[in-house]
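Undergrad: Got a structure for you, questions after.
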Amino acid sequence: MTKRTALIAGASGLVGGECLQRLLASGVYSKVTVVTRRSLGAAAKHAKIREIVVDFAQLDSVRADLRADHVFCALGTTIRKAGSQAKFRQVDCEYPRRFAELALANGAKHFSLVSALGASSKSGVFYSRVKGELEDALRAMKWPSLCLVRPSVIAGDRQESRPLERLSETLLRFGPATYRPVDAGKIAAAMIATAQREPRGVTVIESREIPRVAG
Ligand SMILES: NC(=O)c1ccc[n+]([C@@H]2O[C@H](COP(=O)([O-])OP(=O)(O)OC[C@H]3O[C@@H](n4cnc5c(N)ncnc54)[C@H](OP(=O)(O)O)[C@@H]3O)[C@@H](O)[C@H]2O)c1
């Protein structure tokens with residue numbers, strides 16, 4: 001089988017980090033380009049990794065390097081961390097959109113996005129609306145293969161304290177499958193399994209389906 005190359009944004013985060021570990025461990029991928037605003041340090045010292053450190057507002061300055069078969073995007077922030085809705089939109093919609101446009105122009109075949117449960121450009125909830133707007137923008141690009149993963153609350157070993165997320169994670173464990181928390185590792189596994197199949201057109205993976213797709 002021909003080896004694939006991968007490009008990833010958000011590799012310093014929870015889901016992105018799980019994706020990176022799996023891409024490096026997979027025999028399918030020969031090279032992984034990591035695009036990040038701060039170096040991963042020792043974690044980037046791997047024969048397969050090429051690290052590009054860039055301010056995402058200046059992504060065009062590294063456009064020639066954004067080249068791979070499969071692209072993974074797990075970029076994101078919170079409104080609290082970003083400081084305003086406009087800054088949140090920049091990180092959760094504008095940066096991923098430009099990242100996708102540049103990779104597609106360089107010949108990428110598959111784009112995989114960590115979106116969110118309830119993403120819809122028609123939603124009355126700002127967070128879900130921004131996620132939906134990004135999904136719509138990606139669909140409009142006409143990717144040969146596009147995967148939109150929509151997790152509920154993400155469970156995993158997070159360094160940062162996010163008490164509200166932890167509380168909802170605990171409560172939702174006893175709720176319906178649609179809302180149950182999903183392990184970051186399962187999300188990453190589902191994204192990579194789908195990328196390797198390169199299904200034509202748009203594949204939406206709802207939260208409750210993630211464990212099954214992850215295998
Ligand atoms: N948390 C949840 O329960 C939940 C639920 C559903 C959907 N989601 C969505 O799932 C995605 C992944 O979530 P996660 O929890 O894995 O995210 P995370 O751990 O917070 O990681 C976010 C990634 O985005 C990067 N990033 C943030 N601000 C940036 C900026 N201004 N410029 C460049 N990079 C920036 C971070 O880099 P640094 O390390 O440099 O900050 C990190 O690599 C996000 O889009 C999130 O909205 C999350």
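Undergrad: Calculate the FRET efficiency for Glu209 and Leu24 from the Cβ-Cβ distance with a Förster distance of 30 Å, rounded to the nearest 0.05. List each step's numbers first, then the result.
TA: Numbers: r = 26 Å, r/R0 = 0.85.
Once the sixth-power term is evaluated, E becomes 0.70.
Undergrad: Considering Cα pairs under 8 angstrom that are at least six residues apart, work out the relative contact order of the stretch 4-214 and quote it in whole percent.
TA: On the way: 403 pairs, mean separation 40.3, N = 211.
It comes to 19 percent, rounded to a whole number.
Undergrad: Ranked highest first by the average count of other Cβ atoms within 10 Å around their residues, in what order do 24-34, 195-205, 178-188, 159-169 fall? Please report the intermediate quantities before stating the final value.
TA: Working: 24-34: 16.9, 195-205: 15.1, 178-188: 21.3, 159-169: 11.6.
Highest mean packing first, the order is 178-188, 24-34, 195-205, 159-169.
Undergrad: Nothing charged except the Cβ atoms of Lys and Arg (+1) and of Asp and Glu (-1): what's the magnitude of the dipole of the chain about its Cα centre? Round to the nearest 20 debye.
TA: Numbers: 34 positive and 20 negative charges, 34 e Å.
That gives a dipole near 160 debye.
Undergrad: Another question, then. I need the calculated FRET efficiency for the pair Arg63 and Val202, taking r as the beta carbon distance and R₀ as 25 Å, to the nearest 0.05.
TA: Efficiency at R0 = 25 Å is approximately 0.50.
Undergrad: Stretch Leu164-Ala47 to full length: gain in nm at 0.36 nm per residue minus the Cα-Cα span?
TA: Details: separation 117, 0.36 × 117 = 42.12 nm, distance 3.85 nm.
Here the answer is 38.3 nm.
Undergrad: Continuing with this model, one more query. Using +1 at the C-beta of Lys and Arg and -1 at the C-beta of Asp and Glu, which of Val153, Ser123, Ala100 has the Cα lying farthest in the positive direction of the dipole of the stretch 4-214?
TA: Result: Val153.
Undergrad: Right, another one. Quick check on the exposure proxy: order Met191, Met141 from fewest to most C-beta atoms within 10 angstrom.
TA: Working: Met191 30, Met141 14.
Arranged by neighbour count, lowest to highest, Met191, Met141 become Met141, Met191.
Undergrad: How big is the Kirkwood radius of the stretch 1-145, worked out from every pair of different alpha carbons and given in Å to one decimal? Provide the component values of the computation, followed by the final result.
TA: On the way: mean 1/r = 0.0645 Å⁻¹.
That comes to 15.5 Å for the stretch 1-145.
Undergrad: Based on the Cα atoms of the stretch 88-176, what semi-axes does the equivalent ellipsoid have, where each is the square root of 5 times one gyration tensor eigenvalue, given in whole Å with the largest first? Kindly include the intermediate steps, with their values, before the conclusion.
TA: Values: eigenvalues 148, 41, 33 Å².
Largest first, the stretch 88-176 gives 27, 14, 13 Å.
Undergrad: Let me ask something else. Calculate, in nm to one decimal, what Lys109 and Ser123 gain on full extension: separation in residues at 0.36 nm each, minus their alpha carbon distance.
TA: 2.1 nm
Undergrad: While we're looking at this one, here's another question. Please order Ser128, Ser61, Ser152, Ser39 by the number of other Cβ within 10 Å, starting at the fewest.
TA: Values: Ser128 19, Ser61 10, Ser152 23, Ser39 13.
Listed from fewest to most nearby Cβ atoms, that is Ser61, Ser39, Ser128, Ser152.
Quick note: the coordinates plus some simple rules give every number you see, no bench work behind them. All values reported here derive from a predicted model rather than from experimental measurement. Using ideal geometry, Cβ is built from the backbone for each residue, glycine included, and neighbour counts are taken over all protein chains shown.
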